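Q: Below is the structure I would like to discuss, written out as structure tokens.
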There are 2 protein chains.
Amino acid sequence: MSILVVGSIALDSIKTPFGEKKEVLGGSATYFSYSASFFTDVKMVGVVGKDFPEEHTALLKARGIDTKGIEVTDGKTFRWIGEYEFDMNVAQTKATHLNVFENFYPKIPDDYKKCGTIFLANIDPGLQLDVLNKVDKPNLVVCDTMNLWIEIKKKSLEKLISKVDIIIMNDSEAREFTEEASLIKAGIRLLKMGPKYCVIKKGEHGALLFSDHGIFSAPSYPLETVYDPTGAGDTFAGGFVGYIDRLNKIDDQTLRQAMICGSVMASFNVEDFSLERLKSLNLNAIISRYKEFKKFSHFEEPELSL
Amino acid sequence: MSILVVGSIALDSIKTPFGEKKEVLGGSATYFSYSASFFTDVKMVGVVGKDFPEEHTALLKARGIDTKGIEVTDGKTFRWIGEYEFDMNVAQTKATHLNVFENFYPKIPDDYKKCGTIFLANIDPGLQLDVLNKVDKPNLVVCDTMNLWIEIKKKSLEKLISKVDIIIMNDSEAREFTEEASLIKAGIRLLKMGPKYCVIKKGEHGALLFSDHGIFSAPSYPLETVYDPTGAGDTFAGGFVGYIDRLNKIDDQTLRQAMICGSVMASFNVEDFSLERLKSLNLNAIISRYKEFKKFSHFEEPELSL
């Protein structure tokens with residue numbers, strides 16, 4: 001199987017309590033693709049400017065990612081400048097220069113149109129809907145979004161959510177979108193809008209999966225230090241969707257395993273800036289951390305009798 | 001086995017988005033004892049004024065709790081007036097009237113001095129140390145605290161922590177006490193101060209257990225609505241310590257089970273004001289919710305091969 005991903009490609013300048021990096025590779029499609037590439041084939045659609053360093057494209061290709069769908073146009077690549085203080089759950093955006101991303105209109109190469117799985121990373125929900133109209137019917141459509149679209153394009157977003165199989169949001173987005181303080185109510189409300197599954201990411205606190213089978217509460221991975229949380233959500237999505245596409249089955253147990261794979265990938269990603277930690281990963285390390293997750297969260301039946 | 005608990009007994013007036021209650025039964029020793037009473041024998045030490053309603057003492061006795069150690073003195077019972085807004089993790093204290101609790105000096109009845117387990121609920125760490133000096137050497141000593149003592153009695157608190165087997169704190173207390181932003185670093189730091197185990201409660205996000213065996217990350221119970229979080233931490237401690245005392249063994253697997261029992265008890269407690277929800281509980285309901293916890297958080301090994 002393979003995944004078509006449509007989203008942003010960026011050059012990020014990031015400051016955290018642990019250091020500062022300028023113009024490093026970032027963007028939702030980038031983090032997603034790199035993470036998913038450990039599990040399955042990935043085809044990327046995005047846009048960069050003529051200033052986009054060739055080494056970044058080479059890095060993606062080296063993981064077998066199909067970069068044919070990355071359009072190179074006149075102008076500069078999307079830049080994001082952000083900072084994290086001690087509460088590493090919340091990024092403070094210092095500047096966003098959309099540049100060529102401002103007029104991004106996804107062009108899907110013909111041989112991308114038959115992918116079994118589609119991941120619509122965070123872009124304008126109108127464009128996400130447009131991508132769905134351009135491709136052959138996939139087995140699985142997963143989408144992400146952000147607070148901006150909830151605030152300015154809620155109708156389009158509602159239409160999109162009714163057409164996808166899995167919606168992924170973080171906790172604050174789910175609360176804002178559904179106007180429910182309780183994440184459990186928010187997840188149940190999102191399911192009622194059409195998707196078969198809903199994932200709510202809780203940053204360092206793990207993630208929740210909602211479906212007709214009930215709720216799965218994935219624990220957090222107990223990391224001592226988070227160096228840079230940028231891209232953690234997209235890296236989670238890459239592990240989650242990548243695992244499902246690799247196994248080519250959609251059932252409750254597979255989705256639970258996929259949630260852990262997503263959490264494993266995100267836990268690696270935050271250990272260094274940009275894709276630095278992911279660059280040195282292999283499947284063996286991923287499986288080891290998955291098993292650690294099981295150890296961290298395992299408990300037996302109670303020794304209580306009536 | 002049995003537990004000696006020393007702590008506060010209060011009349012709480014509470015407002016949450018779901019309602020308002022005046023002068024209902026509360027206090028750290030109360031919530032702890034009621035919760036622990038589902039697992040083992042409990043002996044309470046505390047103080048109330050002559051205005052303390054007899055029905056409250058009767059309620060505790062009806063669960064088999066030994067209330068002989070509750071001193072009744074001239075004056076009024078401790079009152080706490082608090083409010084929760086939509087972020088139910090943080091209580092806003094509107095007023096604290098210590099009344100008879102201001103001069104509380106724990107008196108331990110002779111037949112309480114041989115309890116196998118001692119729970120030092122949140123009181124002045126100097127008094128907590130004093131209790132330890134008054135009793136025969138117990139099998140297990142567990143203590144709780146609060147931000148006030150971290151701020152004004154840090155030395156006493158450090159001395160206490162070096163003498164207990166298990167220290168329980170919530171996330172903000174652990175961060176404040178250790179001056180570590182990372183809860184994982186905070187837990188490891190607390191272990192180095194002497195206790196064999198450290199528990200960090202994360203409110204709606206579950207709880208962490210630290211020991212030489214590593215870390216256990218207990219998931220949150222996915223409750224749709226939290227009506228009143230008052231006493232959740234002490235109710236957690238009651239289930240946690242109650243389970244350990246019942247099984248009369250201290251090993252990693254038992255402590256993990258105890259963490260889930262604590263989480264189960266806290267999840268019931270927040271479903272209504274004061275002890276209302278706990279009043280209608282029985283061991284059968286506790287076991288059922290424990291099994292639900294397992295279902296909510298279970299996942300299989302990954303289907304990944306190298």
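None of the figures in this text is laboratory data; all of them are computed from the coordinates on show. Here the structure is a predicted model, which is why all the values come from computation and not from measurement. Cβ coordinates were reconstructed from backbone atoms using ideal geometry, including for glycine residues, and neighbour counts include every protein chain displayed.
Q: Please report the spacing between the Cα centers of region B:31-59 and region B:164-192 in Å, no decimals.
A: 29 Å
Q: Under unit Cβ charges (Lys, Arg +1; Asp, Glu -1), what dipole magnitude, rounded to 20 debye, does the protein assembly as shown have relative to its Cα centre? Provide the component values of the computation, followed by the final result.
A: Values: 74 positive and 86 negative charges, 128 e Å.
That gives the protein assembly as shown a dipole magnitude of about 620 debye.
Q: Still on this structure, please answer the following. Please find, in a Gaussian network model of chain A (springs between Cα atoms separated by less than 10 Å), the residue of A:271, A:151, A:71 whose mean-square fluctuation is greatest.
A: A:151
Q: Can you pull the mean other chain C-beta count within 10 Å for peptide B:52-64? Show your work: numbers first, answer last.
A: On the way: counts 0, 0, 0, 0, 0, 0, 0, 0, 0, 0, 0, 0, 0.
So the per-residue partner count for this stretch is 0.
Q: Next question, about the same structure. Could you check which residue among B:117, B:225, B:57 shows the biggest mean-square fluctuation in a GNM of chain B with a 10 Å Cα cutoff?
A: So, out of B:117, B:225, B:57, the one fluctuating most is B:225.
Q: How far, in whole Å, is the closest Cβ of chain A from the axis that maps A onto B, and which residue does it belong to?
A: For chain A, the closest residue to the axis carrying it onto B is A:205, 2.
Q: Just how large is the dipole of chain A about the Cα centre, in debye to the nearest 20, putting +1 at every Lys and Arg Cβ and -1 at every Asp and Glu Cβ? Intermediate values should be presented prior to the final figure.
A: Working: 37 positive and 43 negative charges, 152 e Å.
Computed charge dipole of chain A: roughly 740 debye.
Q: At what distance in nm do the modelled label points of residue B:89 and residue A:196 sit from each other, each positioned 7 Å from its Cα along Cα→Cβ?
A: With each label placed 7 Å out from Cα toward Cβ, I get 3.3 nm.
Q: If you take every DSSP beta bridge fully contained in the protein assembly as shown, what fraction is antiparallel? Give it as a percent rounded to 5. Spell out each step's value before the answer.
A: Details: 41 of 104 bridges.
Antiparallel bridges: around 40 percent, rounded to the nearest 5.
Q: Along the Cα-to-Cβ line of residue A:98, 7 Å from the Cα, sits a label point; which residues in region A:14-49 have backbone N less than 12 Å from it?
A: Correct set: none at all.
Q: What is the calculated FRET efficiency for residue B:135 to residue A:68, with r their C-beta to C-beta distance and R₀ = 51 Å, to the nearest 0.05? Numbers along the way, then the final one.
A: Details: r = 74 Å, r/R0 = 1.46.
The computed FRET efficiency comes out at 0.10.
Q: Same structure, new question: Which of these, A:264, A:135, A:45, has the largest mean-square fluctuation under a Gaussian network model of chain A (Cα springs below 10 Å)?
A: A:135
Q: Defining the label point at 7 Å along Cα→Cβ, can you sort the distances from residue B:253 to the same site in each other copy, shortest first, in nm?
A: Nearest to farthest, the other copies are at 2.3 nm.
Q: Where both partners of a DSSP beta bridge lie in chain B, what percent of those bridges are antiparallel, to the nearest 5? Don't jump to the answer; show the numbers that get you there.
A: On the way: 21 of 53 bridges.
Antiparallel bridges make up about 40 percent of those DSSP assigns within chain B.
Q: Hey, what do the phi angles of region B:238-244 turn into as Karplus ³J(HN,Hα) couplings, whole Hz, using 6.51/-1.76/1.60 and θ = phi - 60°, x for Gly and Pro?
A: 3J(HN,Hα) across region B:238-244, in whole Hz: x, x, 5, 6, x, 5, 4.
Q: Can you flag which of A:196/B:21; B:68/B:163; B:107/B:185; A:137/B:294; B:113/B:154 are past 31 Å Cα-Cα?
A: Values: A:196/B:21 40 Å; B:68/B:163 27 Å; B:107/B:185 37 Å; A:137/B:294 37 Å; B:113/B:154 27 Å.
Distance filter (> 31 Å) returns A:196/B:21; B:107/B:185; A:137/B:294.
Q: Mind checking the log10 I(q)/I(0) for region A:2-297 at q = 0.16 Å⁻¹? Debye, one equal scatterer per Cα, no solvent, two decimals.
A: -1.39
Q: Another question, then. Nearest 0.05, what FRET efficiency do residue A:179 and residue A:280 give at R0 = 35 Å with Cβ-Cβ as r?
A: Values: r = 43 Å, r/R0 = 1.22.
Plugging the Cβ-Cβ distance into 1/(1 + (r/R0)^6) gives 0.25.
Q: Next question, about the same structure. Any aspartates and glutamates with Cα under 19 Å of the residue A:22 Cα? List them, leaving off those in the same chain fewer than 8 positions away.
A: Leaving aside aspartates and glutamates fewer than 8 places away in the same chain, those within reach of residue A:22 are A:12, A:51, A:54, A:55, A:83, A:85, A:228, A:271, A:272, A:276.
Q: Amide H to amide H under 5 Å from residue B:70: which residues, 5+ apart in sequence or cross-chain, H placed 1.01 Å off N in plane?
A: B:46
Q: On to the next question. Could you list which residues have their amide H under 5 Å from that of residue A:116, counting only those 5 or more apart in sequence or on another chain, with H placed in the peptide plane?
A: Hits under the 5 Å cutoff: A:2.
Q: Note the distances from residue B:50 to each other copy's matching label point, with points 7 Å along the Cα-to-beta-carbon direction, in nm, sorted shortest first.
A: Computed spacing set for this position: 9.3 nm.
Q: Considering every residue in B:220-229, what mean count of other chain Cβ atoms within 10 Å of its Cβ is obtained? Don't skip to the end; give the middle numbers.
A: Details: counts 8, 3, 10, 4, 7, 4, 3, 0, 0, 0.
Average per residue, whole number: 4.
Q: Can you pull out the chymotrypsin sites (Phe, Trp or Tyr not before Pro) in region A:72-124 that DSSP calls coil and that have at most 12 other Cβ atoms within 10 Å? Spell out each step's value before the answer.
A: Values: sites: A:78, A:80, A:84, A:86, A:101, A:104, A:112, A:119; in loops: A:78, A:84, A:86, A:104.
Of the chymotrypsin sites (Phe, Trp or Tyr not before Pro), the ones in loops of region A:72-124 whose Cβ has at most 12 other Cβ atoms within 10 Å are A:86.
Q: Now for a separate question. Please compute the contact order of region A:2-297 in relative form: average sequence separation of alpha-carbon pairs under 8 Å and at least six residues apart, divided by the residue count, as a percent. Walk me through the numbers before you get to the answer.
A: On the way: 633 pairs, mean separation 52.6, N = 296.
This gives 18 percent for region A:2-297.
Q: Restricting to DSSP H runs of at least four residues, report the calculated mean residue ellipticity at 222 nm for chain B, -39500 (n - 2.57) per run over all residues, nearest 500 deg cm²/dmol. Before the final figure, lay out each step's value.
A: Numbers: 11 runs with 114 residues, N = 306.
Estimated from H runs of four or more residues: -11000 deg cm²/dmol.
Q: Run through the other copies and list how far each one's label point is from that of residue B:94, in nm with one decimal, shortest first; the point sits 7 Å from Cα along Cα-Cβ.
A: Label-point distances to the other copies, shortest first: 4.4 nm.
Q: In which sequence would A:3, B:152, A:70, B:123 go, from the one with the fewest C-beta neighbours within 10 Å to the one with the most?
A: On the way: A:3 29, B:152 11, A:70 20, B:123 24.
Sorted ascending by nearby Cβ count, the order is B:152, A:70, B:123, A:3.
Q: Mind checking the mean number of beta-carbon atoms from other chains within 10 Å of the Cβ atoms in A:212-219?
A: 5
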